Amino acid sequence: MKNYQFPENFWWGSASSATQTEGAAHQGGKAENTWDYWFSKEPYRFYDEIGPEIASSFYDNYADDIKLMKAIGHNSYRTSIAWARLIPDGVGAVNPEAVEFYNGIINEMIKNGIEPFINLFHFDLPLAEFTKGGWESREVVEDYALFAKTCFELFGDRVKYWFSHNEPIINVVCGYLDDYHFPNVVDCNRAMTVMHNLNVSTARAVEEYRALRLDGQIGVILNLSPHYPRSQNPADVRAAKIAELFHSHSFLKPAVKGEYPAELLELLREYNILPEMTANDLAIIRDNTVDLLGVNYYMPYRFKAKEYLPHPDSPFKPGHLYDHYEMPGRLMNPYRGWEIHYQGIYDLSIFIRDHYGNIPFFISENGMGVENEARFLKDGMIEDDYRIEFVSRHLKYLHQAIQEGCNCKGYHMWTFIDCWSWCNAYKNRYGFYSLDLKTQQRSVKKSGLWYKTVAENNGF
């Protein structure tokens, strides 16, 4: 038996977002965001036609929920501020009910010894900002910077860890390439404009934060994965490298090193999809890099060289340059269709250490979604031993990476209570606590009790 002891003051907790937990979608002065709007227009595109109106009712239950966090050993928790709740018109008047709500959350967390980690944007664009062009619009970028400044001024005396975006690549891929998220655009040129504007918006948030000289740190949350080639054949290696440029380095290098990868810019020029990048844009990105990196890790990516050329009439996408590879014998989470690869969290940590200056980072999400968890109910508790195994085996590899010098500061699980999950609603459950959708009752799972012992012992 080996003892896996983690560094002093390690962050143990979980993560979620405003839209996925708060509910009260049309209460408390909140305006519509793009998810509210899309659900009202196309509810059939959401699993079981469940939208974000109720979610896990965090808006009404946050004080009790924070006590439940404390009960399973959390010393930190990440959520987001809903832009459409705080500033309903995107710019202009601040909603006093929202200020009271977010002050309540922050103060209650601090009272319970839980460090607030606050993210500014988690996919939930105010509809008022979408009508200006969404993330294709530079006006929206500046409105976002003002929103960020407002958050810092209102809450920055107590919140010491801020993040500009959660998984900005999802806005690009799902919203502007693959028709998974609103606005359901399939246009690579527009997608690359969104990519660049999101990078500028992170830098602008950093700039606004530093100008206020607050006592804290600001970072970004990126979904990162090791990109493994099928083989060491140069064609497979190149395919994996191209995929990594688009999926990871397109946001990682601007945020951490203040510049785009030269190879990425060459590809964008070659395929005539390079967005407009002014000298001022590049200077803002260069001069406003992040202090801290959040890493969402769920699965590895595997790639191989293209087997067939895309149809000449199909719209160009980065995926025209590589194929996904399904490795025989891989361990799978069948409910999500995702590979489980525990060593990936180690490989990713080493990659950050060796290629990104060993920037301070933490695992900001890692989780296992499972359908129909009620079948594991025994004596009133869901016995999710599969989740305990999932977390513990990832933590073992993360511990090894820390032992080898990786600058990892914490581990946040997705998520605290089963939450609403975008188009998948409640199809897959991720929480340490289960949620009864009819009664909104919370019940701790076996994994939650196990996580409490890990946090209290700072290891296992």
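The values are calculated or read from the model by the stated rules, or taken from the named source; none is laboratory data. Values in this document were obtained by computation on a predicted structure and should not be read as measured data. Please note: Cβ atoms are built from the backbone with ideal geometry, for glycine as well, and neighbour counts cover all protein chains shown. Note: areas computed on protein heavy atoms with side chains; ligands, DNA, RNA excluded. Shrake-Rupley method; radii C 1.70, N 1.55, O 1.52, S 1.80 Å.
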Reported to the nearest 10 Å², SER349 has, with a 1.4 Å probe, an accessible area equal to 0 Å²
Quick calc, segment 337-460, dipole around Cα centre from Cβ unit charges on Lys, Arg (+) and Asp, Glu (-), nearest 20 debye, gives 280 debye
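With a 1.4 Å probe and all protein chains kept in place, how do MET277, MET368 rank by accessible area, largest first?
On the way: MET277 45, MET368 20 Å².
So the residues, ranked largest to smallest area, are MET277, MET368.
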Rounded to the nearest 10 Å², the accessible area of TRP38 using a 1.4 Å probe with every protein chain kept is 0 Å²
Computed over segment 160-307, protein heavy atoms only, probe 1.4 angstrom, the accessible area per residue in square angstrom equals 37 Å²
Of every hundred units of 1.4 Å-probe accessible area on segment 1-56, the number belonging to carbon and sulfur atoms, as a percent, is 46 percent
In segment 246-286, the GluC sites (Glu not before Pro) that sit in a DSSP loop and have at most 12 other Cβ atoms within 10 Å of their own Cβ are GLU276
To the nearest 20 debye, the chain has a Cα-centred charge dipole, built from +1 on Lys and Arg Cβ and -1 on Asp and Glu Cβ, of 1160 debye
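Could you do me a favour and compute the accessible area per residue for segment 64-137, 1.4 Å probe, result in Å²? Kindly include the intermediate steps, with their values, before the conclusion.
Values: 2250 Å² over 74 residues.
Using a 1.4 Å probe on heavy atoms only, each residue of segment 64-137 averages 30 Å².
Could you compute Rg(Cα) / (2.2 N^0.38 Å) for the chain, with N its residue count? If you can, show how the numbers build up before the last one.
Values: Rg = 21.1 Å, N = 460, 2.2 N^0.38 = 22.6 Å.
With N residues counted in the chain, Rg over 2.2 N^0.38 Å equals 0.93.
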A student asked for the Cα radius of gyration and Dmax of segment 277-349 in angstrom ought to give 18.1, 49
Using a 1.4 Å probe on heavy atoms of the protein chains only, the accessible area for SER225 in Å², nearest 10, reads 10 Å²
Exposed trypsin sites (Lys or Arg not before Pro) being those in a DSSP loop with at most 10 other Cβ atoms within 10 Å, the longest stretch of the chain free of them is 214-437
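Quick check on my link table: of LYS241/LYS396; LYS160/LYS438; LYS378/LYS427; LYS111/LYS409; LYS30/LYS452, which ones sit more than 31 Å apart, alpha carbon to alpha carbon? Walk me through the numbers on the way to the answer.
Numbers: LYS241/LYS396 28 Å; LYS160/LYS438 36 Å; LYS378/LYS427 21 Å; LYS111/LYS409 22 Å; LYS30/LYS452 35 Å.
From the list (LYS241/LYS396; LYS160/LYS438; LYS378/LYS427; LYS111/LYS409; LYS30/LYS452), the Cα-Cα distance tops 31 Å for LYS160/LYS438; LYS30/LYS452.
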So the carbon and sulfur contribution to the accessible area of segment 95-242, 1.4 Å probe, in percent, is 50 percent
Under the helix-only model (-39500 (n - 2.57) for each DSSP H run of 4 or more, divided by the residues of the chain), the mean residue ellipticity at 222 nm, to 500 deg cm²/dmol, is -12000 deg cm²/dmol
Filtering chymotrypsin sites (Phe, Trp or Tyr not before Pro) in segment 172-233 by DSSP loop and by at most 14 other Cβ atoms within 10 Å leaves TYR180
